[in-house]
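Enquirer: What follows is a single structure, and I will ask about it in a moment.
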Amino acid sequence: AKLASLLQQREGGQLALVVYADDAYTVAPLTDDMANVALYLDALAPQVMPSDGQRTDRALDWATQLLQRSGMRGGAILLLTDHADAAAIEAAGQARGQGVRVSVLGFGTPAGSAYRDGRGQIGNAALDEASLRRLASAGGGRYQRLASDVSDLHALDLRGADASAGAQVRDGVRHWLD
């Protein structure tokens, strides 16, 4: 629902949708057709992933590669998660070094909630805001906890297109990608 809200409010630019578990997968490649990306949201569920896991570092690396392969100079990644490990924080720093800003929308509560994993084991998913703030800082982006309204999207400042992301510079002149 939050991604659908973001897609409705997005003011131009290109967007891709990447999901991850033990590895990262492209659901929708970079496109300026927000309605096309929105078509995939209802089908997303943990059960569609080929294996369990939470390799956020792989998701950040893959999203950065998608931006670079498109010829974009820079860009922004919005990560939706409940915590970040050291590998993810390092990947965010690497993305920043390549001109990609990484912001984070934190899901959950600090107390957490029980869930059953693919092997039937019960775990607790808890929001770790400290690690998410470190990840956003390493990625040169912002951190915001999920809100019931659109204030979180406003705070992350992702509704508009990143002016530098869609342009290539040749001969000192900015050329927009079509």
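The values are calculated or read from the model by the stated rules, or taken from the named source; none is laboratory data. Fair warning: this is a prediction, and the values are worked out from it, not measured in the lab. A quick note on method: Cβ atoms are made from the backbone with ideal geometry, for glycine too, and the neighbour counts reach across all protein chains shown. The protein model used for the area step is the full one, side chains on, heavy atoms only, and it has no ligands, DNA or RNA in it. Shrake-Rupley method; radii C 1.70, N 1.55, O 1.52, S 1.80 Å.
Enquirer: Considering only residues that are open to solvent by 40 Å² or more (accessible area, probe 1.4 Å) and of a type outside the set (G, A, S), look in segment 67-88 and name the one that is farthest from L153 (Cα to Cα).
Expert: That would be R69.
Enquirer: I've got another one for you. Check segment 55-66 and report whether any residue there is in contact with a strand residue (DSSP E or B) (Cβ under 8 Å, 6 or more places away or on another chain), at pLDDT 90 or above, open to solvent by 60 Å² or more (accessible area, probe 1.4 Å) and within 21 Å of D117 (Cα to Cα).
Expert: yes
Enquirer: A further question on this structure: Quick check: is even one residue across segment 12-27 assigned to a loop (DSSP other than H, G, I, E, B) and touching a strand residue (DSSP E or B) at 6+ places or on another chain (Cβ under 6 Å)?
Expert: yes
Enquirer: So which residues in segment 98-129 are among the hydrophobic types (A, V, I, L, M, F, W, C) and closer than 23 Å to S148 by Cβ, if there are any at all?
Expert: Correct list: V104, L105, F107, A111, A114, A125, A126, L127.
Enquirer: Out of everything in segment 113-133 that is assigned to a loop (DSSP other than H, G, I, E, B) and exposed (fewer than 15 other Cβ atoms within 10 Å of the Cβ), what residue ends up being modelled with the lowest pLDDT?
Expert: G118
Enquirer: Also, quick follow-up: Among the residues of segment 1-18 satisfying the criterion of being without any contact (Cβ under 8 Å) to a residue 40 or more places away in the chain and either in contact with a helix residue (DSSP H, G or I) (Cβ under 7 Å, 6 or more places away or on another chain) or open to solvent by less than 40 Å² (accessible area, probe 1.4 Å) (or both), which is farthest from Y115 (Cα to Cα)?
Expert: Of the residues in segment 1-18, the ones without any contact (Cβ under 8 Å) to a residue 40 or more places away in the chain are 1, 4, 7-8, 15, 17.
In the following step, the residues that additionally are either in contact with a helix residue (DSSP H, G or I) (Cβ under 7 Å, 6 or more places away or on another chain) or open to solvent by less than 40 Å² (accessible area, probe 1.4 Å) (or both) were identified as 4, 7, 15, 17.
Numbers: A4: 24, L7: 28, L15: 31, L17: 25 Å.
Once the filter is applied, the top-ranked residue is L15.
Enquirer: Could you list, in sequence order, all residues of segment 70-110 that are at negative phi, in contact with a Leu (Cβ under 8 Å, 6 or more places away or on another chain) and assigned to a strand (DSSP E or B)?
Expert: Matches in segment 70-110: A76, I77, L78, L79, L80, T81, V100, V102, S103, V104, L105, G106.
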